[in-house]
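First comes the structure, then the notes that go with it.
The values are calculated or read from the model by the stated rules, or taken from the named source; none is laboratory data. Given the structure is predicted, the values throughout are model-derived calculations rather than measurements. So basically every Cβ, Gly included, is an ideal-geometry build from the backbone, and we count neighbours across all protein chains shown. Protein only, heavy atoms only, side chains kept; ligands, DNA and RNA dropped before computing areas. Shrake-Rupley method; radii C 1.70, N 1.55, O 1.52, S 1.80 Å.
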Protein chains: 2
Amino acid sequence: MRFELESAIDVLRRTPATLQILLDQIAEPWARGTEGADTFSPFDVVGHLIDGEETDWIPRARIILARGPDPRFEPYDRFRHRGRNVGRSLSSLLGEFARLRDANLEQLHSWRLGDADLDLPGNHPGLGRVTLRQLLASWVVHDLGHIAQVSRVMAKQYRDEVGPWVPFLPVLTDHEAPRS
Amino acid sequence: MRFELESAIDVLRRTPATLQILLDQIAEPWARGTEGADTFSPFDVVGHLIDGEETDWIPRARIILARGPDPRFEPYDRFRHRGRNVGRSLSSLLGEFARLRDANLEQLHSWRLGDADLDLPGNHPGLGRVTLRQLLASWVVHDLGHIAQVSRVMAKQYRDEVGPWVPFLPVLTDHEAPRS
């Protein structure tokens, strides 16, 4: 499947509501369960997605579109949310994510990007030369990866409750060492 | 996390709307993309979940609750949906799933199950003795596993579009041989 801007935006627009349906007002053990030490709970994932809205995808697109001599991205802090969201409720984070995403998609749409813009380069601190098209495609994949993660982390909270069904439920065992 | 009926029902109730937000009216390549031969597209997953409503979870709970001498489940056909849903639209399947789930949760709720009921046994054709509690916990995990699968399968449609970002997006590579 080739990247197409309107189709990518259609997916990006669905993420906040998907997470609201899945998580808003859910019992605390579902919201705060993890896959083990140093892994994200659903609450952490929503915070991480907010960080992406504030510091990653659109800020990096701006750097590319500024067409400066060195379109170098700021490094991205995967744990910014840990300090930022102490004392916040999941509901309020879900609402904040929805507002930020909405504004960012409005911004993205307003640029009316064509193919030549999508080919513009950025300089990623770890990956080197990337294009705006690759950045936006990665934003979509990043969203979907974290929706998958939220579902998987929730599923694992019942690992001891399914008895002999474990081998028929690969979501419980496919990420013994979770990377996202 | 221990199984608790109301908390399990709360998750089961969210699945149809989660999938509607994620998939309804989405472009065909997102809906019909797979992870390779003999793997499910999002369209297939919704069909498979409908099969679960019609032939798996609640029918098996009924067998357990009938307390007969051999509470043996019918084998479950993972590919029933392939023939059943030829010519159907994803939108109509999403609506059908929502109606079936709603009716099944109403049924489940109406049984007012207590701990003694949840301990009742069934006989799974492949797994042997299971309890009603394990069946219901597996239903929750099965839902969440398939939501994760839908997100992962969608993400993979952009695998060639993210360029050098692949190693930072484990959803693209964590299931080279997908099992669900």
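Interface area, chains B and A: about 5300 Å² of buried accessible surface, summed, with a 1.4 Å probe and ligands, DNA and RNA left out. Taking a spot 7 Å from the Cα of B:ASP24 along the direction of its beta carbon, which residues of the range B:92-123 have an amide N less than 13 Å from it? Zone members listed by number: B:92-99. Beyond 37 Å, what percent of the Cα pairs of the protein assembly as shown remain? That tail contains 21 percent of the Cα-Cα pairs. Between copies, B:ARG72 shows label-point distances of 7.1 nm, shortest first, with the point placed 7 angstrom from Cα along Cα to C-beta.
Do you know the relative contact order of chain A, to the nearest whole percent, from alpha carbon pairs under 8 angstrom that are 6+ apart?
Numbers: 171 pairs, mean separation 56.2, N = 180.
RCO, chain A: 31 percent.
Interface residues of the range A:130-146, defined as those with an accessible-area decrease of at least 30 Å² between the chain by itself and the complete set of protein chains (probe 1.4 Å), are A:GLN134, A:ALA137, A:SER138, A:VAL141, A:LEU144.
If one computes P(r) from the Cα atoms of chain A, what percent of pairs lie at distances over 21 Å?
Numbers: 8631 of 16110 pairs.
Roughly 54 percent, once rounded to a whole number.
Sorting B:49-61, A:76-88, B:94-106 by their mean Cβ neighbour count within 10 Å, with the most densely packed peptide first, gives B:49-61, B:94-106, A:76-88. Normalising by residue count, the range B:76-180 has a Cα convex hull of 160 Å³ per residue. Relative to the other identical copies, A:PRO59 shows label-point distances of 5.4 nm, where the label point lies 7 Å from Cα along the Cβ direction and values run shortest first.
If R₀ is 35 angstrom, what is the calculated FRET efficiency for the pair B:ARG84 and A:ALA116, using the beta carbon separation as r and rounding to 0.05?
Values: r = 47 Å, r/R0 = 1.33.
It comes out at approximately 0.15.
Entry comment: accessible area of the range A:90-173 is 34 Å² per residue, from protein heavy atoms only and a probe of 1.4 Å.
For B:GLN107, the label point sits 7 Å beyond Cα toward Cβ; its separations from the matching points on the remaining copies run 5.0 nm, from shortest to longest. Going by a ≥ b ≥ c, the root eigenvalues of the Cα gyration tensor, does the range A:75-116 fall in the rounded group (a/c under 1.5), the prolate group (a/b larger than b/c) or the oblate group? Verdict is oblate for the range A:75-116. Taking amide H atoms as placed 1.01 Å from N in the peptide plane, the amide H of A:ARG72 lies under 5 Å from those of A:ASN123, each 5 or more residues away in sequence or on another chain.
Closest approach of a chain B Cβ to the axis relating B and A (residue, whole Å): B:ALA148, 2.
Kindly provide the helix-only [θ] at 222 nm of chain B, computed as the sum of -39,500 (n - 2.57) over DSSP H runs of four or more divided by all residues, to the nearest 500 deg cm²/dmol? Kindly include the intermediate steps, with their values, before the conclusion.
Working: 8 runs with 98 residues, N = 180.
After summing the helix terms and dividing by the residues of chain B, the value is -17000 deg cm²/dmol.
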